[in-house]
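The values are calculated or read from the model by the stated rules, or taken from the named source; none is laboratory data. Predicted model only: the values in this text are computed from it and were never measured. Here Cβ is always computed from backbone atoms with ideal geometry, including for glycine, and neighbour counts include all displayed protein chains. SASA here: full protein model, heavy atoms, side chains in, ligands and nucleic acids out. Shrake-Rupley method; radii C 1.70, N 1.55, O 1.52, S 1.80 Å.
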Amino acid sequence: MTAPSVSEDEVITVDTQDAAETYLDRRRSDAPVVVRADGTVERGQTCWVWEGEQYTSGGTVVSGEFGDDADYSAAEAADAVGGTIQRTITLDHDIPGDEVEIRIRDKYANLEGELQVRIDGKTVGADLVTNTQNKTLGWTNYTGGQSYENDTSGESVSPSALSAGDHIVEVEAVNAIPGGTSVSTTGTWAVDVVSVHDGRYPPGGFDNTTDSNDALAQPGYHSPDPVGAVFLVRGFRSGVGARLASIWDDTSGVQAVAVSQNYGDTWIERSNSTGVNASWADPSVDLLVRLAIGPYGTQSATPTTGVSSQSVSEYTLYKDVRDSPPLINDQFRGTRESILTSLVERGDMLWALDWDRDADQQVVQMANIGDRTSDRELDLVNYNWNTRTLGRQKESATVKGAAITVSEESVTADLINDNSLANDNLVEGTAQVRDAATGDAYERGIDWRLNEASGTLSYPAATAISDGQALLVDYEWKPIGSYAVPNASPKKALDDVTVSATTDAMCEALAFYLVDRLEDPVESGTLTIPELPPGWSVLEALAVDGLPNDGAWTPRGLSVQDGRVELEVASRRRVQDVVADLRGRLEQHGERI
């Protein structure tokens, strides 16, 4: 049997937020990966750094005090005795509590009191200083510790988990009561630079010497190591290679691109590149794409390096697909005959049970029609060939997914401009609108209207709903996607194919798959062997060169009676067969997830 033919097909182009979120595999990606509203993929900030004097609320600004001409960043620091340094930081991702790290570049003189760090009002770091101590300028770890502000025996403190969003960080010296003895804040706590970072992605260092601009190079806003954004692209045809092309805003960092055909066990990667070509010995169905995003950029103030994230605005994945069906990790039930028949139908092939005289045993042979070669002479083969349309050609397709339930989508009623729900293509009769506070349901047609196709919620003039009122909306919707060749004829449209897809992007990919398989006209005919010689295999007899083209042929029917073989073949499968096969593969694929 000859090897399956291979051709490069474009699988996906990801250049929107919806597409990026659809394929992004959060479990395999690093935590700071962020998809922006314009569809760009980048790394979120993992270290927040600021000057103490820029965020002080009443404390004294110090500069080179204590006669040692301290090397402050920006030539200044803030005294956190008698004043609070406060800043709001914004996180793009969640940070576990045990990974929240706090560092402060500070010095103090004649200091007493508890040096405290709070996040969202909770003490997360504390250090008790007694006996009027002094400390030279340098970085200090203020993560955790014992607080004696309200507890004479000391209360253990540590950071809690930080969710994505805004958080208030405060640095302040406070009074303490260790062992019941009052310790009032005195002296100077000069806070130069404050740093909060995700311990999983630490900065490149904590520099203690400023440059000619009185700035520190590190800690930067981003760790020096690249952050991996991994995308899972599920397939419908097997492939033996892939090509990835991507568009980046900057390529001066440590970026890399990679693809994997075995779910990340091994990767083919190119560093400092925006594209990669890969090939594998064994065919695969699903592919992983990895974008390793690094930091870049400089500025004149602290920090001077690691200030920006590289971003990817678009990537396109191509796959070297084979014309044979994927049989990876499949399990089958039934008789041997039924299993073999279902498999060859998926691959447009034939199978035959023969006797291997040399091995003295039965063997199963499989082949695409016209793919086998033979050294035997056979002049008894007659061809009955014509070209005609057996099935409908399809130049466009629309695919819908299974219904997905949305419960309690929050909506703020806009009686003037209407409201757009998060999804369109809603299932008729499934929507319900309720008051968010009381749960009371409103009546459709009287209090609200809904355009299911666009997902637009509107309000009649006599509605009982108030402008700005908080509502909860329940409904079901179906993902939908379409594909059409240029100048597609409306008469050659395949509409309303329903499969078990869960996103619009997947439906669009499936629509492309159907049109790709059904666009060409159907060529068909009958191959007749009047008499099959004794001892000959049916597949061996079909190893002929007379078929009118080089493509794989789909069997329509095969009959063998009294040595006479008749085989009906076509250049492609029927529309209903392709759609049924696609549904079956999706169902099997879902069962394996």
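Assorted remarks:
- Gain in span if fully extended, E8 to R564, counting 0.36 nm per residue against the direct Cα distance: 196.1 nm
- If you wrap the Cα atoms of the stretch 190-332 in a convex hull and average its projected area over all directions, you get 11.1 nm².
- Backbone HN-Hα couplings from phi across the stretch 451-465 [Karplus 6.51/-1.76/1.60, Hz, Gly and Pro as x]: 9, 4, 5, 9, x, 9, 9, 10, 9, x, 5, 8, 4, 8, 7
- In terms of its alpha-carbon gyration tensor, the stretch 212-286 comes out prolate; a/c meets the 1.5 threshold, and the first ratio a/b outweighs b/c.
- Remark: the stretch 288-303, residue by residue, has Karplus-estimated 3J(HN,Hα) of 10, 10, 10, 10, 8, 9, x, x, 7, x, 9, 8, 8, 9, 5, x Hz, where x stands for each Gly or Pro and the curve is 6.51 cos²θ - 1.76 cosθ + 1.60 at θ = phi - 60°.
- For A70, distant residues with modelled amide H under 5 Å away: G64, E65
- Peptides 509-518, 423-432 ordered by packing proxy, namely the average of other Cβ atoms within 10 Å per residue, highest first: 509-518, 423-432.
- Per residue value of the accessible surface for the stretch 241-320 (all protein chains in place, 1.4 Å probe), Å²: 39 Å²
- Cα convex hull, the stretch 56-199: 96 Å³ per residue, rounded to a whole number.
- The stretch 385-504 - Rg and Dmax from Cα coordinates, angstrom: 19.5, 73
- Packing-based order for 453-462, 36-45, using average beta carbon neighbours within 10 Å, highest first: 36-45, 453-462
- Sequence-distant residues sharing a close amide H with V33 (under 5 Å, placed H): G44
- H222 sits with roughly 10 Å² accessible to a 1.4 Å probe, with DNA, RNA and ligands left out of the calculation.
- In Hz, Karplus ³J(HN,Hα) per residue of the stretch 53-58 (6.51, -1.76, 1.60; θ = phi - 60°; x = Gly, Pro): 5, 7, 10, 7, 10, x
- In this structure the stretch 78-234 gives 38 Å² per residue of accessible area when probed at 1.4 Å with all protein chains present.
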